[in-house]
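Colleague: Right, I'll just put the structure down here and ask away after.
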Amino acid sequence: MMMQHRWVAVVTLVALLTYFWMGLQTAGARRKSGIAAPAMTGDPLLERTIRAHYNTLEWLPIFLGSLWLFAIYWNELVAAGLGVVWIVGRIMYQTGYVQAAEKREAGFMVQALATAVLLFGALGKIVWSLATGGA
């Protein structure tokens, strides 16, 4: 039974559930606006909700790859903690953006910082390991 990296696995699933929740928010905004798919424009609330959802999709590959590599090469619990920070940042981003475009910045910065630590931490450790012969 594989129990290694279970905390990062849980964070990964919660991040994906967060993304799923954002999809439901988009569906709700469509119902509220009366704008059916495939239309993407015509109501500012719908447009902001869609954009928050899509922006999260744009960040997911960077975040998930970095999360797992950081957990493997550094520390699983630190990676999981930073993953939770990322999720909180994405929720802040989405809820802020839906209210008004200018309210998205704080959440964006929180998730971007968490991603940067994961990404550059993993990269740095891998490069260091290669440069020192795997030490």
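Colleague: Restricting attention to the stretch 30-44, which residues are touching an Asp or Glu at 6+ places or on another chain (Cβ under 6 Å) and not in a loop (DSSP other than H, G, I, E, B)?
Modeller: Of everything in the stretch 30-44, just one residue is touching an Asp or Glu at 6+ places or on another chain (Cβ under 6 Å) and not in a loop (DSSP other than H, G, I, E, B), namely S33.
Colleague: Can you find a residue that is surrounded by 17 or more Cβ atoms within 10 Å (Cβ to Cβ), among the basic types (K, R) and either modelled with pLDDT of 95 or more or assigned to a helix (DSSP H, G or I) (or both) anywhere in the stretch 46-53?
Modeller: Yes, the stretch 46-53 contains at least one residue that is surrounded by 17 or more Cβ atoms within 10 Å (Cβ to Cβ), among the basic types (K, R) and either modelled with pLDDT of 95 or more or assigned to a helix (DSSP H, G or I) (or both).
Colleague: Which one is farthest from the chain's Cα centre (by Cα) among residues in the stretch 79-135 that are closer than 22 Å to A29 by Cβ and of a type in the set (D, E, K, R)?
Modeller: Across the stretch 79-135, the extreme among qualifying residues is E102.
Colleague: Residues in the stretch 120-135 that are farther than 11 Å from Y73 by Cα and of a type in the set (F, W, Y): how many?
Modeller: Number satisfying all stated conditions: 1.
Colleague: Being part of a helix (DSSP H, G or I) and without any contact (Cβ under 8 Å) to a residue 12 or more places away in the chain is the filter here, so list the residues in the stretch 124-135 that pass it.
Modeller: Within the stretch 124-135, G124, V127, W128, L130, A131 meet the criteria.
Colleague: Only one of these is in contact (Cβ under 8 Å) with a residue 40 or more places away in the chain and touching a Gly at 6+ places or on another chain (Cβ under 6 Å): Y19, Y93. Name it.
Modeller: Among Y19, Y93, only Y93 is in contact (Cβ under 8 Å) with a residue 40 or more places away in the chain and touching a Gly at 6+ places or on another chain (Cβ under 6 Å).
Colleague: Any idea which of G81, G121, G134, G65 is surrounded by fewer than 21 Cβ atoms within 10 Å (Cβ to Cβ), more than 24 Å from W7 (Cα to Cα) and not β-branched (V, I, T)?
Modeller: Selected residue: G134, the only one of G81, G121, G134, G65 that is surrounded by fewer than 21 Cβ atoms within 10 Å (Cβ to Cβ), more than 24 Å from W7 (Cα to Cα) and not β-branched (V, I, T).
Colleague: On to the next question. Of the residues L45, L24, L60, which is of a type outside the set (F, W, Y) and closer than 30 Å to M3 by Cα?
Modeller: The unique qualifying residue is L60.
Colleague: Quick check: anything in the stretch 96-105 of a type in the set (G, A, S), surrounded by fewer than 19 Cβ atoms within 10 Å (Cβ to Cβ) and outside any helix (DSSP H, G or I)?
Modeller: For the stretch 96-105, residues of a type in the set (G, A, S), surrounded by fewer than 19 Cβ atoms within 10 Å (Cβ to Cβ) and outside any helix (DSSP H, G or I): present.
The values are calculated or read from the model by the stated rules, or taken from the named source; none is laboratory data. What you see is a predicted model, and the numbers here were worked out from it, not measured in a lab. Note: ideal-geometry Cβ built from the backbone for every residue, glycine included; neighbour counts use all protein chains shown.
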